[in-house]
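Q: Here it is, the structure in full.
Derivation of every value follows stated rules applied to the coordinates shown; laboratory data play no part. Small disclaimer: the values here were computed from a predicted structure and weren't measured. Positions of Cβ are backbone-derived with ideal geometry, glycine not excepted, and every protein chain shown enters the neighbour counts.
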Amino acid sequence: MSSEVDASPAEAVEDVEERDPVRVALVNTLREAIGGDSLLESVIDGGDVWVRVAAAAWRETVQAARDRLGMTYFCFLSAIDWKQNPELGGQKIWDPDAEPSEGPGDGPGHWLTGKGGGATRFQIVCRLYNVNTHLGVTLKVDVGDDNPSIDSLVPLFRGADWHERESWEMFGINFEGHPGLRHLYLPTEFEGFPLRKDFPLLAREVKPWPGLVNVEGLPGESGEGEEDEAEA
């Protein structure tokens with residue numbers, strides 16, 4: 001367990017236990033339910049909780065949160081691609097001859113993955129909530145760098161159906177046990193996964209992103225317009 005405070009690890013844990021014993025107990029219940037080895041990391045910060053678990057314990061963790069913590073409200077499920085692409089410049093431009101680029105600390109095993117940490121490029125994030133205690137938890141799981149896959153939560157929450165279909169369609173993440181992964185937004189013959197960081201927006205080769213062209217200078221700055229006026 002960790003907290004983002006300026007203190008040693010031991011002092012940080014003690015501080016969190018003193019300030020937020022309710023959420024500490026929540027994390028401990030999950031740890032007891034799935035086993036300490038399966039709960040990889042937890043963060044209690046700002047009155048909220050993030051818990052990252054092993055892929056093999058994903059469905060078991062969600063079931064424990066539902067049954068033992070009373071978190072029966074399924075808020076959302078989504079995917080994250082943590083790949084860095086510092087050359088995007090506000091748009092995705094595809095150069096077929098360019099070499100794959102990786103930013104500082106980027107690459108398999110080095111993705112910068114936010115609260116709760118992570119070890120792979122792709123993660124699934126799920127938010128559950130207890131409508132009686134008004135406590136929630138954000139659950140995270142690593143699903144791999146290539147051919148990402150994880151157990152479906154549809155057997156536990158029917159509402160996860162469309163969320164998983166969207167993550168499958170947009171990120172290419174497979175959900176084992178889902179009753180019917182099929183497109184929500186894209187035509188059946190569509191190739192690729194639009195929300196991956198390395199998916200090319202080919203239309204921007206023909207017409208640049210509007211925000212990167214036709215940029216007007218700030219008042220007082222010299223530019224072509226001012227030069228034209230001076231010449232006139």
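Q: When both residues are 6+ apart or on different chains and their Cβ atoms are under 6 Å apart, which pairs have a first residue that lies in region 26-41 and is in contact (Cβ under 8 Å) with a residue 24 or more places away in the chain, and a second that is among the polar types (S, T, N, Q) and in a helix (DSSP H, G or I)?
A: So the pair list comes out as Ile34/Thr61.
Q: What are the residues in region 158-171 that are within 25 Å of Asp67 (Cα to Cα), touching a Phe, Trp or Tyr at 6+ places or on another chain (Cβ under 7 Å) and surrounded by 19 or more Cβ atoms within 10 Å (Cβ to Cβ), if any?
A: Ala160, His163, Glu164
Q: Taking region 172-186 as the region of interest, how many residues are surrounded by fewer than 21 Cβ atoms within 10 Å (Cβ to Cβ) and in contact (Cβ under 8 Å) with a residue 24 or more places away in the chain? Write out each step before concluding.
A: Residues of region 172-186 that are surrounded by fewer than 21 Cβ atoms within 10 Å (Cβ to Cβ), as a first pass: 172, 174, 176-186.
Now narrow it down to the ones that are in contact (Cβ under 8 Å) with a residue 24 or more places away in the chain: 172, 174, 176-179.
Total satisfying the criteria: 6.
Q: Out of region 56-78, which residues are without any contact (Cβ under 8 Å) to a residue 40 or more places away in the chain and under 20 Å from Asn174 (Cβ atoms)?
A: Our first condition is that a residue be without any contact (Cβ under 8 Å) to a residue 40 or more places away in the chain; within region 56-78, this holds for 56-57, 60, 64, 67-68.
Answer for region 56-78, where residues must be without any contact (Cβ under 8 Å) to a residue 40 or more places away in the chain and under 20 Å from Asn174 (Cβ atoms): Ala56, Ala57, Glu60.
Q: Give the residue that is nearest to Arg52 (Cα to Cα), with candidates limited to residues of region 143-182 that are part of a loop (DSSP other than H, G, I, E, B) and of a type in the set (A, V, I, L, M, F, W, C). Give the steps one after another, and end with the answer.
A: Applying the first criterion (part of a loop (DSSP other than H, G, I, E, B)) to region 143-182 yields 145-148, 152-159, 172-173, 177-182.
When the remaining residues are screened for being of a type in the set (A, V, I, L, M, F, W, C), the result is 153-154, 156-157, 173, 181.
On the way: Leu153: 16, Val154: 20, Leu156: 19, Phe157: 19, Ile173: 18, Leu181: 25 Å.
Applying the filter and picking the extreme gives Leu153.
Q: The conditions are (1) buried (at least 18 other Cβ atoms within 10 Å of the Cβ); (2) in contact with a strand residue (DSSP E or B) (Cβ under 7 Å, 6 or more places away or on another chain); (3) within 28 Å of Gly46 (Cα to Cα), and Leu135 fails exactly one of them. Which is it?
A: That leaves (2) as the condition not met.
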